[in-house]
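Beneath this line is the structure, given in structure tokens, with notes to follow.
Every number here is computed from the coordinates shown, using simple stated rules; none is lab data. If you're wondering where the values come from, they're calculated on a predicted model, not measured in any experiment. All Cβ positions, even for glycine, are placed from backbone atoms using ideal geometry, and neighbour counts span all protein chains on display.
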Amino acid sequence: MADRYMQPVPTAIWRKDRQVTIQRFNKLGADVRGQPIGEWVGVMTPTVWASVEPLNARTAEYARALYSEATHRVFIDYRADVTNACRLLYGSRVLHIGAVINRNEANVTLELLCTEGDA
């Protein structure tokens, strides 16, 4: 019974009606304290169509079981180059990727659990 409770809530993942830009941090070096210095750059073909959903009461418990700080979940077509070291630009908002889920290991759709944050 507990297994059924933790199943993801179905969503209209085919409705990818928002554009997001995928970026990866390009480390150029480190400062005197060892903190990375660099810039966020777009990956190859960085702008993709996505379904962007803020978490609601039904989806929050499922998502936060996988990534405790999640505020949004984003569905995009499968890409091997998207990892939790990337971030998404959604308009003027920044979504930091905390978890990447390859649904059913089918290499068709990625579910990204994200936290909205500062640049």
Next item on the list: Return one number: the angle in degrees, 0 to 90 and rounded to the nearest 10, between the long axis of the Cα atoms of helix 57-66 and the longest principal axis of the Cα atoms of the chain.
Entry: 60 degrees
Next item on the list: Let me know the Rg and Dmax you get for the chain when you use only its Cα atoms, in Å.
Entry: 15.2, 53
Note to self: For the chain, what does the relative contact order come out to in percent, with C-alpha contacts under 8 Å and a separation of six or more?
What the structure shows: 23 percent
Margin query: Along the charge dipole of the chain, pointing to its positive end and built from +1/-1 on Cβ of Lys, Arg, Asp and Glu, which listed residue (Leu66, Gly29, Leu110) has its Cα farthest out?
Written below: Leu110
Check: If the label point is 7 Å along Cα→Cβ of Glu69, which residues in the range 100-119 have backbone nitrogen under 18 Å from it?
Finding: 100-101, 112-119
